[in-house]
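Worksheet for the structure shown next.
The values are calculated or read from the model by the stated rules, or taken from the named source; none is laboratory data. From a predicted model like this one, the values you see are computed outputs, not experimental measurements. Cβ: placed from backbone, ideal geometry, glycine included. Neighbour counts: every protein chain shown. These accessible areas exclude ligands, DNA and RNA; they are computed on the full protein's heavy atoms, side chains included. Shrake-Rupley method; radii C 1.70, N 1.55, O 1.52, S 1.80 Å.
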Amino acid sequence: MRTVYVNGDYLPENEARISIFDRGFLMADGVYEVTSVLDGKLIDFDGHAVRLQRSLDELEMASPVSKDELLAIHRELIARNGIDQGMVYLQITRGAPADRDFAYPDPDETTPTLVLFTQNKPGLADSPVAQKGLSVISIDDIRWGRRDIKTVQLLYPSMGKMLAKKAGADDAWMVQDGYVTEGTSNNAYIVKDGKIITRERSQDILHGITRAAVLRFAQEAQMVVEERNFTIDEAKAADEAFVTSASTFVMPVVEIDGTKLGDGTPGRVASRLREIYLEESRKAAI
Ligand code: PDD
């Protein structure tokens, strides 16, 4: 059984409790981060901590703990649960006021809720899915307008994954005004004539921590990166495609809306970027 963290306590997962008045539960009034673990160490902890603070600031929410304390909790959970490869999930909500109310509670009276738990994923870095690549379908992006804030309101991404599943695909890319925004839980890229193309950062997409690292590694490897919008038609005509996230690193995409890209196997650029990402991230892990 896992040991999880709730508001200062390390507990067996079946003893962890949250109030039914918690605003995370009632209103999705909370933010989260997923940080991957390789060799028992955290990948890009600083990036995730900085984005967490930004999400909190945008929602005028205070962190109940410092960045150093957060790091210590992450490490303690990794140690207690013996995680070699996997993820640490962290969530902060605005806490549990005395009753349901749309207005934010007084922060002096209601303290934020902090929950962390680990997910053990042996073999995460050598996932056989990366050898095969993903198939994706396109769906309308009907999410709210602040996707740069990593909130826990994930109903539409969940619906998107279910639409993909029902269509026999692995995931969905979301499209707004004719252009791809991102995947349900990852950032989206295409490769054409050696150029890596991905939507630029704005309030329309989550500013992926893996995205930032991968674009940096790509530029260091003299690859050309173009941050601009692209359509599903352009994606279908691309040489390759891939997605990035903390839980999948760099994952090739081989099929879009039933159209195979190239020969339908993971592309060279995506495969190379996955190798570089894993190697460099492991070196910098803490
Ligand atoms: N998802 N875009 C969306 C909508 C996401 O939910 C995520 C991450 C990303 C990639 O961000 P990062 O590289 O920082 O993980 C992009 C996480 C992994 C999740 O919800 O499980």
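Can we say residue 221 is open to solvent by 20 Å² or more (accessible area, probe 1.4 Å), under 29 Å from residue 285 (Cβ atoms), hydrophobic (A, V, I, L, M, F, W, C) and more than 20 Å from the chain's Cα centre (by Cα)?
Values: open to solvent by 20 Å² or more (accessible area, probe 1.4 Å): yes; under 29 Å from residue 285 (Cβ atoms): yes; hydrophobic (A, V, I, L, M, F, W, C): yes; more than 20 Å from the chain's Cα centre (by Cα): yes.
Judged against the criteria, residue 221 is a match.
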> Which residues, counting only those in segment 174-195, are surrounded by 22 or more Cβ atoms within 10 Å (Cβ to Cβ) and either within 20 Å of the chain's Cα centre (by Cα) or free of Cβ contacts under 8 Å to residues at least 24 places away in the same chain (or both)?
Replying inline: 174, 180, 182, 183, 184, 186, 187, 188, 189, 190
>> Any residue at all in segment 116-133 that's over 22 Å from residue 267 (Cα atoms) and open to solvent by less than 20 Å² (accessible area, probe 1.4 Å)?
In response: yes
> Within segment 78-97, which residues are away from the ligand (no atom under 15 Å from the Cβ) and among the hydroxyl-bearing types (Ser, Thr, Tyr)?
Replying inline: 93
> residue 11 versus (1) away from the ligand (no atom under 16 Å from the Cβ); (2) touching a residue at least 12 places away in the same chain (Cβ under 8 Å): which is the lone unmet condition?
Replying inline: (2)
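Just for segment 94-115: of the residues that are of a type in the set (Val, Ile, Thr) and out of contact with any Phe, Trp or Tyr (no Cβ under 8 Å at 6 or more places or on another chain), which one is surrounded by the fewest Cβ atoms within 10 Å (Cβ to Cβ)?
Residues of segment 94-115 of a type in the set (Val, Ile, Thr): 110-111, 113, 115.
Cutting the leftovers down to out of contact with any Phe, Trp or Tyr (no Cβ under 8 Å at 6 or more places or on another chain) gives us 110-111, 113.
Details: 110: 17, 111: 14, 113: 21.
Of everything passing the filter in segment 94-115, 111 is surrounded by the fewest Cβ atoms within 10 Å (Cβ to Cβ).
Would you check if residue 100 is farther than 24 Å from residue 210 by Cβ and away from the ligand (no atom under 16 Å from the Cβ)? Please lay out each step first, then the result.
Numbers: farther than 24 Å from residue 210 by Cβ: yes; away from the ligand (no atom under 16 Å from the Cβ): yes.
The answer is yes for residue 100.
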>> Just the residues that are closer than 24 Å to residue 200 by Cβ, within 13 Å of the ligand (Cβ to nearest atom) and open to solvent by 30 Å² or more (accessible area, probe 1.4 Å), please, taken from segment 134-173.
In response: 143, 144, 146, 153, 154, 156
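Condition first: under 17 Å from residue 34 (Cβ atoms) and among the hydrophobic types (A, V, I, L, M, F, W, C). Can you find one or more residues in segment 93-108 that meet it?
Quick first cut of segment 93-108, residues under 17 Å from residue 34 (Cβ atoms) only: 93.
Still in the list and also among the hydrophobic types (A, V, I, L, M, F, W, C): none.
No: segment 93-108 contains no residue that is under 17 Å from residue 34 (Cβ atoms) and among the hydrophobic types (A, V, I, L, M, F, W, C).
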